[in-house]
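Here is the structure we will look at, set down as structure tokens.
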Amino acid sequence: MVRSLQPAELTWFVARSLAFLGHLDPHGLAQRVAPRLRHTRRDASRCFVWQRDGAPSAGVVALAPEPDDDERTLRFAQPWFEGDPFDLVRLVAELSERFDHEAAELDLVALAVGQKEHVSGLLAGEGFDLDVVRTLRFELAEVPPLGLPLALEAWRPPVDATLRELVGRSEGWRLSDRRWAWLKRVSGPFRPDLWFLAAEAPDRPPLGYALCGARAVGVETAFGLTTAGVVPEHRGSTEMLRRLLLSLLHELAAISPLGRVEARLSGHDPKLVEILRSIGFQVGAPRPLLRRLPS
């Protein structure tokens, strides 16, 4: 069965997690960390174990989205197991049933390479794929020269189908209703004025897109770049995607000149990450995750 912890069990849970990571003195380190745990009741309520007869055999931290969250991602961390590795699979599967969510992530940042591969293989049957995510950030006060801009058209109901088809064709897969709805909320409440079709001119066919959200408003708005891309005909060159991104930055700077743009991008699209780096984005360290996105 699955159960959460009592506050008195929190140090034990930390020790089991450290032991799984291969720490030489997991119990000693857990005891030293314990006095720094200020919210033991809250933290214990987020730690779950799989237990049948005897001691728990698997554990994970699970942070469920709140009912009114726009981004409905269930986040897991600190996975461990002893004995049957599929007890971890059973634990994650039952928690996925228990908590309402659209997407799920399991953080693998502290695991060794072999452990990442093992856990990834275990959870592949639950729909998780191994990815390496990078967090990027750009201050809009530092927008570089625009060069040759593209014309950006904001989302309107009549262009929804066109934009959806363009994104699917550019990404190379069909966008389900669930994935399309998730994309509209993953970077904050849906803002039609921040979803763009891009073209050489307003009367020309669209050749790219940029989908953004915003979690705050004002002169220091925090924009979230969900994704951006160009049609397959232009994917062989970086020029068009670079023009699209520069046009987007100038558009966002006009809305919030002291704002910033943040993005969490998949390692499956290294070209986009490198182009963003080349125009001034700060790129964070790679973070390995198991991700399960809406089908």
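No lab work stands behind these numbers, since they all come straight from the coordinates. If you're wondering where the values come from, they're calculated on a predicted model, not measured in any experiment. As a convention, Cβ positions derive from the backbone with ideal geometry for all residues, glycine included, and neighbour counts pool all protein chains shown.
Details
- Here the relative contact order of segment 8-51, from alpha carbon pairs under 8 Å that lie six or more residues apart, stands at 42 percent.
- Here is what passes the span test in the chain: the DSSP H helices with alpha carbon length of 20 Å or more along the helix axis and a Kyte-Doolittle mean of -0.5 or above are 239-255.
- Charge dipole of segment 174-290 (Cα centre as origin; +1 on each Lys and Arg Cβ, -1 on each Asp and Glu Cβ, all else neutral): 460 debye, rounded to the nearest 20.
- Beta bridges by DSSP in segment 2-127, antiparallel share as percent, to the nearest 5: 75 percent
- Under 12 Å from the residue 99 label point (7 Å along Cα→beta-carbon), backbone N, segment 6-47: 45-47
- Taking the Cα atoms of segment 2-127, the ratio Rg/Rh between the radius of gyration and the Kirkwood radius comes to 0.95.
- For percent of Cα pairs over 24 Å apart, the value calculated from this model appears in [x] 58; [y] 67; [z] 53 under label [x].
- Beta bridges per DSSP with both ends in segment 137-284, % antiparallel, nearest 5: 85 percent
- Distance in nm between pseudo-label sites at residue 37 and residue 177 (7 Å out along the Cβ direction from Cα): 4.4 nm
- Segment 11-77 and segment 92-160 have Cα centres separated by 23 Å.
- Within-14-Å neighbourhood charge of residue 7 [Cβ basis; K, R +1; D, E -1]: +3
- The alpha carbon convex hull volume per residue for segment 137-284 rounds to 107 Å³.
- Extending 7 Å from the Cα toward the beta-carbon at both residue 113 and residue 52 defines two label points whose distance is 3.5 nm.
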